[in-house]
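Each remark here refers to the structure printed beneath this line.
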Amino acid sequence: MTRATIVGGVIAAALILLALAFAVRHGAGVENVVAPAATSPTTAPATTTTAGTAVEEAHPGFLYGRLTALGGAVYEGRLRWGGDQEAFWGDYFNGRKARNPWAARVPPEKLPGERRPFSVFGIEIGLRERPAELVRLFMARFGDIARIEAHGKEVRVTLKSGGVFDLDRLEASDFDDDVRVWDGRGGVVDLDSRLIATIELLPAAPSGAAPSRLHGTVRTRQGDFTGFVQWDREKCVGSDDLVGRAASGDQRLRFDTIRSIARRSSDGSLVTLLDGREFAISGTRDAGDGNRGIYVDDLRYGRVLVSWSAFERVDFSPGGDGPAYGDFPPGRPLSGSVTTRDGRRLEGRLVYDLDESETTETLDAPSDGVDYTVPFGLIASVVPAGGEGEDAVRGRVTLHSGEVLKLERKGDLGEGNAGLLVFVEGRPSPEYVPWADVARVALDRPQTFYPPLTGR
């Protein structure tokens, strides 16, 4: 084969790959993307990394589903997003919504605005009023999702409840993190997300052993949180490694050999193994201030993210495999009442922050280095910040369990909240209540929910 032939072949292959990437990234529909022909997992557009028997690896507590590639190949088995990231039904699928359908229900003159400074030659000369950004991020637990589909430059997510959300694929949707499948026929297969057409999430039948899941108690100055753990937001099974530098050299420590991790400094940790050995490690994102935080699925709150600055220590303990797909009942529309600062009370179906409309969606707000992600199904009432003392800078979120969280005036409790819609029975259009006019939001308790409701 001549050099010219080789070069020509390389150029042709490169042009094909560029055309495919352009088609997906710039909105071509599935019908416009040419995928390699596939009649079985071995000929599909994927890389088989390990031969194995996926059926033995499936387990009800782990993500499981059926993936269909653009070429028609079908894979089914245990799933893990990004190869080594989300793996469980309580983990969140993230993205950014393509549009906000609720904004059309608000009279244009009442839509919230925001004031931004503008400058000339680097000198600030005034403030400019402009409409507030109403397109929101999307978060849903995998256990609440029925189906994920690629539609050109959008990703459509259908929830168990029947709710449908279109996400902007160009805005870092989790769909584009690729997916690893423990397929029963093809072994362990890594699928390029650009060539995935649909993902159907399904319950897994009980089977053989599965990797151990990280569980423990994370201690902070804010208090202790106990539940399933994701270290650095992604490491969540015993076979994952903690990477760091010790006096004896670089270390890779499997999490299932670790008893505890304690923060020693802004850039270092003390790791104690099950056999009693200790390693002072530093110099990596895992062990120092580059750590992006520790997720804890605490049943009291749904999920919290403990920042590295707030983290003090984690003690690992057995926790089982966690909830199965069937433990997540379909979400229900939010309903309850809104009391305004002038004393009016409006009751009916609710849309919070012109965004959240189902019990499975979440209220997100921080407190002293801990970010709370609380499903609305757990919440009995919300009182915005106001008044004197601590109430002036913190809102009060009361859970159905009776516990009260005092959260900072940020996120869903901050000034950027776009207000609420209340669909009052018998009225032709919803009532819009700006956030500044809200004194209290009371939420009806759902009949079924995960985590299981306790208390009142």
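The table below gives the values:
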{"quantity": "Qualifying residue in the range 396-404 (condition: farther than 14 Å from Gly336 by Cβ and out of contact with any Lys or Arg (no Cβ under 9 Å at 6 or more places or on another chain))", "calculated": "no"}
{"quantity": "Search result, residues across the range 404-422 that are open to solvent by 50 Å² or more (accessible area, probe 1.4 Å) and in a strand (DSSP E or B)", "calculated": "Val404, Lys406"}
{"quantity": "Sole residue being modelled with pLDDT of 95 or more and assigned to a strand (DSSP E or B), chosen from Ser381, Ser401", "calculated": "Ser381"}
{"quantity": "Single residue of the range 140-154 satisfying the filter (over 15 Å from the mean Cα position of the chain (by Cα) and aliphatic (A, V, I, L, M)) that is least open to solvent (accessible area, probe 1.4 Å)", "calculated": "Ala150"}
{"quantity": "Single residue of the range 167-181 satisfying the filter (modelled with pLDDT under 90 and either farther than 16 Å from Val157 by Cα or among the acidic types (Asp, Glu) (or both)) that is surrounded by the most Cβ atoms within 10 Å (Cβ to Cβ)", "calculated": "Asp174"}
{"quantity": "Filter result for the condition that a residue is on the phi < 0 side of the Ramachandran plot and touching a Leu at 6+ places or on another chain (Cβ under 9 Å), over Ser193, Ser269, Ser239, Ser265", "calculated": "Ser269"}
{"quantity": "Filter pass, Gln251 being modelled with pLDDT under 95 and out of contact with any Ser or Thr (no Cβ under 8 Å at 6 or more places or on another chain)", "calculated": "yes"}
{"quantity": "The range 404-446 - residue that is acidic (Asp, Glu) and under 25 Å from the mean Cα position of the chain (by Cα) and, of those, farthest from Ala392 (Cα to Cα)", "calculated": "Asp444"}
{"quantity": "Residues satisfying the stated conditions in the range 350-368, i.e. in a strand (DSSP E or B) and among the hydrophobic types (A, V, I, L, M, F, W, C)", "calculated": "Leu350, Val351, Leu363, Ala365"}
{"quantity": "Test: residue in the range 117-124 that is open to solvent by 20 Å² or more (accessible area, probe 1.4 Å), at pLDDT 90 or above and in a strand (DSSP E or B)", "calculated": "no"}
{"quantity": "Close pairs from the range 443-454: first open to solvent by 20 Å² or more (accessible area, probe 1.4 Å), partner aromatic (Phe, Trp, Tyr) and in a loop (DSSP other than H, G, I, E, B), Cβ under 6 Å, at least 6 apart", "calculated": "Tyr450/Phe328"}
{"quantity": "Yes/no for Thr68 being among the polar types (S, T, N, Q), at pLDDT 95 or above and either within 24 Å of the chain's Cα centre (by Cα) or closer than 29 Å to Asp232 by Cβ (or both)", "calculated": "yes"}
{"quantity": "Members of the range 315-348 that are within 22 Å of the chain's Cα centre (by Cα) and either assigned to a strand (DSSP E or B) or without any contact (Cβ under 8 Å) to a residue 60 or more places away in the chain (or both)", "calculated": "Pro333"}
{"quantity": "Number of positions in the range 355-388 that are closer than 19 Å to Gly419 by Cβ and not small (Gly, Ala, Ser)", "calculated": "12"}
{"quantity": "Among the candidates Leu270, Leu274, residue that is at pLDDT 95 or above, surrounded by fewer than 15 Cβ atoms within 10 Å (Cβ to Cβ) and in contact with a Lys or Arg (Cβ under 9 Å, 6 or more places away or on another chain)", "calculated": "Leu274"}
{"quantity": "Hits in the range 198-238 (condition: assigned to a strand (DSSP E or B), in contact (Cβ under 8 Å) with a residue 24 or more places away in the chain and surrounded by fewer than 18 Cβ atoms within 10 Å (Cβ to Cβ))", "calculated": "Thr198, Glu200, Thr217"}
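The values are calculated or read from the model by the stated rules, or taken from the named source; none is laboratory data. On a predicted model such as this, the values are computed, not experimentally measured, just so you know. Every residue, glycine among them, receives a Cβ derived from its backbone with ideal geometry; neighbour counts consider all protein chains shown. Ligands, DNA and RNA are stripped out before the accessible areas are found, and what is left, the full protein with its side chains, is counted by its heavy atoms. Shrake-Rupley method; radii C 1.70, N 1.55, O 1.52, S 1.80 Å.
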